[in-house]
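Notes for the one structure printed next.
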Amino acid sequence: VIREKVLKFGPTRGLVGVLTEPPPDAAPRLPVIFLNSGILHHVGASRLYVRIARKLAEMGHPCFRFDFSGIGDSEPRRDTLAAAESAVVETREAMDLIGARKGGSDRFILIGLCSGADMAFKTAQVDERVVGLVQLDPFAYRTTGYWLRHYGFKLFSVRAWRRFVTVRYARWRDARAPQPPVSEDEAATYVAPEYRRRFPPREQVAEAMRTLVGRGVRLLHVFSDEQTDHINHAAQYLNAFPDVPFGNQLAVAYVKHSAHTFTELSDQDRVIDLVSSWSASALAPLDAGSSTVASGRGVELAAR
Amino acid sequence: VNPFFFGSSKSPLYGVYHPPKSAVGPATAVLLCYPMGAEYMRCHRAFRQLTTLLVKGGAHVLRFDYFGTGDSAGDATEATFARWREDISTAIEELREMCQAERVTVVGLRFGATLAAQAVAGRPDVEHLVLWDPIIDGPAYVREMLVTHAAEQAARGRGAGDGTAGVHGFPLLKSQRDELNAMTLPTWPSSAARRVDVVRSSPSDEAEALATRLMAEGSAASYSVYPSNGNWAESDAFGSALIPQGIIQGIIGKVLESGVTA
């Protein structure tokens, strides 16, 4: 039976997280830390983080889901550190906290969706305690194959051409139409915080990936079907980084038809399966203390 | 901020208790009841904002997750409305014990308002109920969710029957649909001898009729509109928050100026 407890931490104990502990008789495995995606609190989009954490805890991983300062149940910071910087600091504080507990560890797995993936990636670059990284919808880069898939069949599809004309006409018509004024009240009361995600240059990501792979970090990248401006096939990710010797340290999956936050329950089930299978295969050698770096080009997991 | 687990040790509930930040007059104890499904995610920040303002005004506040939701134990597919009503009662007891209160105010949003009204029927320790954009017409609410679900499925090239009967990532179970379909204004529980404030972000004949009915039954009921965005059911692929300041301020006024103290 798994148990959950609330932990407060950070210099002012203003950060809040929930630790999901494995059953007492489970063989100990590496702790997993979950990072907020945007403003969604520590339960994750549609409670996805809770479901993944409970599944991984059943497999032996202690799982810690916490809120960055100013998000969810955590207090805002009292200094002026930018959110992108404080997220890394706080993730490292979370590792300190979990690592210092009874049966603790000096090696961790980080999981994040969207901005959470970005912050996990950023933390992994500066903290060698990170030995595994699950990025849901991480940075991706277009390749020739992307453009062929994007435009290839559409060139010969009457339906695609009809849609192209319809959409272009609608945009032209909307651009000419007078825009309804937004009342001050509406502007003031409707707060939909935006996360403006900026993809770094590919070379920068490739360099960081080479460092992580060189350190033996295991990687799982799962793409939804909603970053189609950047990626439309799992194999594209590997092709976009021919200069990174991923070996079998990287597994990539593409969940067809899924929303960015893997909204549908069946898509959530798919992500949970991918993460738990990856834990069973890719992380098992790490539990034994191995840091072997294998050769190869990365593994494309079966896409739906 | 004091997050903790409470209730049964086999299926604990996650709650966050916020003690008052000022001693402005006699304290009020307030329980916040979340809506269901994706609306829970969308309102989380608004509840945090409401809490911050209430504790500044001297209130004790407890917000919590129902069984099978948020951080509480259980899977969403095991959840029933009956269980959620029991959870509200458990949370009332917990709040009373934490701040030694004899009476509490319960604020519920959308279906959380409906559940709260049902859960507190007959409880003498709940003297004040604030129903924020309450769901009154259950069948209409079900239709709204299913239409949204079907449209989302179609937009993603999936048939309406593909995947689950989930709405924005949360399951809508058959038992829940059946109960919602049987829920209309005439079946709304009586709140006699209680103060009930029905607050809306836009005018609603149905909500006004509810307040009128509660008044006729002997409640000190009121109906107020605080023009604000109330599109709780809206969702997007990235997860967004709605923090309608106008109605939040209105609720603060209703709670802190009610004269109902712990």
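Of note:
- Relative contact order of the stretch B:128-262, taken over Cα pairs closer than 8 Å and 6 or more residues apart, is 26 percent.
- The stretch A:92-131: C-alpha gyration tensor shape, a/c 1.5 cut-off, then a/b vs b/c: prolate
- Expected-Rg normalisation [2.2 N^0.38 Å, Cα atoms] applied to the stretch B:1-86: 1.15
- Considering only the stretch B:1-115, percent of DSSP beta bridges that pair antiparallel, nearest 5: 45
- More than 22 Å apart - percent of Cα-Cα pairs taken over the stretch A:82-159: 43
- Principal axis dimensions, chain B - Cα atoms, whole angstrom, descending: 58, 41, 32
- Restricting the stretch B:96-148 to GluC sites (Glu not before Pro) in coil, as DSSP defines it, with at most 13 other Cβ within 10 Å: B:E102
- Mean separation of Cα contacts under 8 Å, 6 or more apart, over the residue count of the stretch A:1-115: relative contact order %: 32
- Stokes-Einstein diffusion coefficient of chain A, Kirkwood radius over Cα pairs, 25 °C, 0.890 mPa s, in µm²/s: 118
- Taking a sphere under 12 Å around the Cβ of B:T77 and counting the other residues whose Cβ falls inside, with K and R at +1 and D and E at -1, yields a net charge of 0.
- Local electrostatic count, A:P138, Cβ distance below 12 Å [Lys/Arg +1, Asp/Glu -1]: 0
- Among beta bridges from DSSP that stay inside the protein assembly as shown, the antiparallel ones total about 30%.
- Look at B:R200, A:R78 and count the other Cβ atoms within 10 Å of each Cβ; fewest to most, that gives A:R78, B:R200.
- Farthest toward the positive end of the dipole of the protein assembly as shown, out of B:I243, A:S258, A:M209, is the Cα of A:M209, where the dipole comes from beta carbon charges about the Cα centre.
- The overall shape of the stretch A:14-104 is oblate: from the C-alpha gyration tensor, with semi-axes ordered a ≥ b ≥ c, the ratio a/c is 1.5 or greater and a/b is no larger than b/c.
- Charges were assigned to the Cβ only: +1 to each Lys and Arg, -1 to each Asp and Glu. The resulting dipole of the stretch A:90-181 about its Cα centre is roughly 1020 debye.
- Note on A:K154: lysines with a C-alpha under 22 Å away, same-chain residues under 8 apart excluded, are A:K256.
- Scaled against 2.2 N^0.38 Å for its residue count N, the alpha carbon radius of gyration of the protein assembly as shown is 1.01.
- Cα-centred dipole magnitude for the stretch A:1-89, charges only on beta-carbon of K, R (+1) and D, E (-1), debye, nearest 20: 160
- Dipole magnitude of chain B, debye to nearest 20 (Cβ charges: Lys/Arg +1, Asp/Glu -1, about Cα centre): 380
- Sorted fewest first by neighbouring Cβ atoms within 10 angstrom, A:L56, A:L219 come out as A:L219, A:L56.
- Residues A:H260, A:H61, arranged from fewest to most other Cβ atoms within 10 angstrom of their Cβ, appear as A:H260, A:H61.
- Rounded to the nearest whole Hz, the Karplus-based 3J(HN,Hα) values (6.51 cos²θ - 1.76 cosθ + 1.60, θ = phi - 60°) of the stretch A:272-286 follow the sequence 4, 4, 4, 5, 6, 5, 4, 4, 5, 9, 6, 8, 4, x, 5, with x at glycine and proline.
- Links that overshoot a 31 Å alpha carbon limit, given the list A:K5/B:K21; A:K8/B:K21; A:K8/B:K174; A:K102/B:K10: A:K8/B:K174
- Only Cα pairs under 8 Å and 6+ residues apart enter the sum, and on that basis the relative contact order of chain B stands at 21 percent.
- Residue among A:Y141, A:Y169, A:Y49 with the largest mean-square fluctuation in a Gaussian network model of chain A, springs linking Cα atoms under 10 Å: A:Y169
We did not get these values from a lab; they are worked out from the coordinates using the rules stated. What you see is a predicted model; the values in this text were computed from it and never measured. So basically every Cβ, Gly included, is an ideal-geometry build from the backbone, and we count neighbours across all protein chains shown.
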